[in-house]
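Just so you know, all these numbers are worked out from the coordinates, no wet-lab data involved. Predicted, not measured: the structure shown is a model, and the values here were computed from it. No Cβ is skipped: glycine too gets one built from the backbone with ideal geometry, and neighbour counts run over all protein chains shown.
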Amino acid sequence: MSLSIHASVTRSALALPATAGGLAWLRAGIVWLPLVILLVVTVAGRALAPYDPDAVLVTDRLQPPSLMHPMGTDPLGRDVLSRVMTGARNTVPNVFFILISALTIGVLMGVVAGYAGGKIDTVLMRITDVFLAFPALVLALAIVGMLGANVRNAIIAIIIVWWPWYARLVRGQVLSIKNELYVDAARSLGCPAHRILLHHVLPNSMAPVGVQALLDIGAALLTTAALGYLGVGAQPPSSEWGAMLAQGRQFFLDAWWLTGFPGLAIFVTVLIFNGAGERLRAKTLSGWSRI
Amino acid sequence: MLAYLVRRIASLVLVLAGICVLTFVLSRVLPADPARGAVGKAGAEQYAAMRERMGLDRPIPEQFWRYASGLVHGDLGYSYASRRPVAEDIGDYFPATFELTIASLLLAIAAGAPLGVLSAAHRGGWLDRAAGWSALASVALPLFVIGLAFQVIFYKTLGWLPVAGRISPELGAPARLTGMFTVDSLLYRDGPRFGSSLKHLVLPAVTLALPLTAIISRMIRSSMLEALAKDYVRTARGKGISEQRVIYRHALRNAMLPVVTSLGMLFGALLGGAFLVEVVYTFPGLGLYVLNSILRAETAPIVSATLLVAALYMLTNLAVDIAYVFIDPRIRYA
C-alpha cells in the first residue's frame with residue numbers, strides 16, 4: 001500500500017534544519033515523549049482511566065463531551081475517554097504483532113529467494129507478485145470476508161497482504177550482499193550455507209527492512225483501523241479502536257464524538273510512530289544510501 | 001520495445017493466472033460456506049441441493065476448472081441476494097468506483113502538482129512549511145475521520161452537500177453509456193442530473209484525494225529540489241532564461257518522472273481507499289457491494305470484485321510503464 005510513501009512524506013516534513021546543539025534535547029523530546037506517553041497508556045490504560053470502561057450507565061447514554069466525560073459517552077452510557085485509553089491495549093500490540101509476523105515471513109522468503117536464486121527465486125518472486133497485484137486493503141477485506149469477521153482474522157488478513165513487501169526488500173538486500181567479499185571469503189573457508197546465511201547475510205540485510213517496518217507501523221495501524229471501521233475487524237463490545245469506530249458509525253451525525261475521538265487517537269498514534277520511525281531511520285541509517 | 005512488451009504481457013498473464021488461483025483458494029478452501037450463505041437457515045435438504053447446484057460437491061480440481069472457464073466466459077457466478085448474475089451487479093457498481101477513483105486522482109494531481117512546485121520554488125517559506133505539516137497530518141488521518149468531519153461540516157452544519165448515494169433519488173440514474181453518472185449526464189447534456197451527481201461526488205472525491213494530494217505534492221517538491229540543483233538548470237539560468245521558464249520548462253518536466261513512476265502504485269492505494277470512502281458516504285460502488293456481500297456471506301461477489309480490482313491495478317501499472325517510454329525519451333526497454 002502506501003508503505004514507503006507514508007515515510008517519505010513524514011521525512012520531508014520533519015526535515016528541519018540540522019539539529020542545532022542547544023535545542024537538540026527539545027527536538028528529541030518532541031519526538032520521544034509522546035511515544036513514551038503512548039506506551040504508558042497502552043500498558044496501564046485501564047488503571048489510569050477515570051471510569052470503568054465497561055460500566056454501563058443507561059441514564060448517561062450518548063452524552064456529548066463535558067467536564068465529567070471529556071470525550072462523551074456511548075449508547076450504553078460508557079465513558080468514551082476510558083474506552084479510548086483501555087482500547088490502546090487492544091489496538092497497539094496487534095499492530096506490533098502484525099509487523100513482526102509479516103517481517104518474519106518476509107525475511108524468510110526473501111533470504112531463501114535471494115540466496116538460492118534460480119528457479120526457487122523465480123517461483124517465490126512470482127508468488128509475491130500475485131499478492132502485490134492486489135491493493136492491500138482490498139485483498140485484506142476479501143480474506144477477512146472469507147475467514148469470518150473478527151479481530152484474529154483481520155490480523156491474519158493484514159499479515160497475508162503485508163509480508164510480500166518485506167520479501168522483496170530483503171531479497172534485494174541479499175542479492176547485493178551475497179556477492180560481497182566477506183561472503184566469498186566465508187564460502188571459500190568452507191563455511192556451510194546455513195551458517196553463511198545466518199551469520200553473514202541475514203544480519204547485514206536486516207537493517208533497511210527493520211527500519212522500513214518501523215516506518216510501516218502507522219500504515220499498519222491505519223489498515224487495522226480501516227477493517228475495524230468496516231465492521232470486519234474487532235467486534236463490539238471490545239474497546240479496540242476500530243471496533244469503537246464501527247459502533248460509532250451508526251450514530252455519527254448525532255454523536256460525532258463516538259467516531260471522532262477513537263479516530264483522533266488513531267491519528268495521534270500514527271503521527272507518533274511516523275515521527276519516531278523517521279527519527280530512528282535518520283539515526284541508524286545516516287551513513288546509508290536512501291531506501 | 002516490442003520484446004519488452006511481449007515479456008511484460010507474458011508475465012502479466014502469469015500473474016493474472018496466479019490471481020485467479022489465489023481468489024479460488026480464498027473462496028473454496030477457506031471456511032466460508034457459500035451454500036450456507038445462499039440458503040440461510042433452511043433445512044439440510046435445501047442445503048444439499050444448493051451445494052450441488054453451486055458445484056461444491058465436486059472435486060476441487062473440477063471446481064477450479066469450472067471457476068476458471070466461467071471467468072474466461074465472463075461468468076462470475078450468481079448473487080442470491082440481488083437475484084441476478086454477479087457480472088450484472090458489478091456492471092452497476094464498478095463504474096461508480098472507477099468514477100470516484102479517477103475524480104480523486106485528477107483532483108490530487110491538479111492540487112498536488114502546483115503545491116509541490118510552489119513549495120520547491122519557495123523552499124523553507126511559509127507555504128512550504130504549511131504544506132509540509134499538513135501533508136504530515138493528512139497521511140496520518142484515517143480516511144473515515146476526514147469523511148466524518150466533512151459530513152458534519154458540509155451536510156449537517158452547512159447543508160451544502162448531500163452525503164449518501166450517487167444522485168438524488170427523485171432524478172434517478174441518467175441514461176447509461178459508461179455507467180459513470182457525471183460523464184453520462186454530461187454527454188447527454190442532462191444539466192440537472194449532472195449537477196446532482198457532481199454534488200454527490202464532491203465530498204467522497206475530495207476525501208479520497210486529500211492524502212494523495214499530500215503525497216504527490218511532497219514527491220514533486222523533493223524531485224523538483226533535486227532537479228533545481230542540476231547543472232542544466234544552472235546553465236539555463238546562466239543563459240538568462242526567466243525563472244518561471246526554468247521552473248516549468250526545465251525542472252518540472254524532469255521532476256514529474258518519479259511521480260509518473262509511482263502513479264501506478266498510488267492508484268492501488270486509491271482503489272483501496274475508495275472501498276473505505278464508499279462505505280463512509282454510502283456511495284454505491286464496489287466497496288459497498290463487497291462489504292454487503294461479506295455481511296450476507298456471499299462469496300462470488302467478493303471474489304469477483306477483488307479479482308476485477310486486481311486486474312485493473314495491474315493494467316494501470318502496465319500502462320504506466322509503457323507511458324514512461326513516451327514521456328522520457330532516454331528510456332529504452334530492451
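Observations
- Convex hull (Cα only) mean projected area of the range B:190-334, reported in nm² to one decimal: 13.0
- Contact order for the range A:38-286, expressed relative to its length and based on alpha carbon pairs under 8 Å spaced 6+ residues apart, stands at 20 percent.
- The C-alpha atoms of chain A define a longest principal axis, and helix A:151-177 lies at about 30 degrees to it.
- Residue with peak Gaussian network fluctuation, chain A [Cα springs, cutoff 10 Å], from A:275, A:228, A:29: A:29
- Cut-off under 5 Å, modelled amide H: who pairs with residue B:78 long-range: B:86
- Amide H within-cut-off set for residue A:73, under 5 Å, with H built and near neighbours excluded: A:62, A:63, A:80
- Cα shape, the range B:1-135, gyration tensor, a/c 1.5 rule: prolate
- Magnitude of the charge dipole, the protein assembly as shown, Cβ model with Lys/Arg +1 and Asp/Glu -1, debye to 20: 1620
- Sites matching chymotrypsin sites (Phe, Trp or Tyr not before Pro) across the range B:129-209 that sit in DSSP coil, with at most 13 neighbouring C-beta atoms within 10 Å: B:160
- Per residue Cα convex hull volume in Å³ - calculated over the range B:155-242: 190
- Between 0 and 90°, nearest 10: helix A:80-116 axis offset from chain A longest Cα axis: 10
- Among A:57, A:137, A:99: highest mean-square fluctuation, GNM of chain A, C-alpha pairs under 10 Å: A:57
- Relative pair counts by distance (%), Cα atoms of chain A, 10 Å bins: 6, 24, 28, 23, 13, 5, 1, 0
- Ratio of Rg to Rh for the range B:219-280: 1.25 [Cα atoms; Kirkwood radius as inverse mean 1/r over pairs].
- Each helix, a run of at least 4 DSSP H residues, gives -39500 (n - 2.57); summed and divided by the residues of chain B, these come to -24000 deg cm²/dmol at 222 nm.
- The aspartates and glutamates within cross-link reach of residue B:156, meaning a Cα-to-Cα straight distance under 15 Å and a gap of 8 or more places when in the same chain, are A:254.
- A simple rule links phi to the HN-Hα coupling: the Karplus curve 6.51 cos²θ - 1.76 cosθ + 1.60 with θ = phi - 60°, which for the range B:117-125 gives 5, 5, 4, 6, 5, 10, 4, x, x Hz, with x for Gly and Pro.
- Top of B:149, B:135, B:209 by mean-square fluctuation, Gaussian network on chain B, Cα under 10 Å: B:149
- Rounded if a/c under 1.5, otherwise prolate or oblate - the protein assembly as shown, Cα gyration tensor axes: rounded
- Principal-axis tilt of helix B:299-327 within chain B, Cα atoms, nearest 10 degrees: 30
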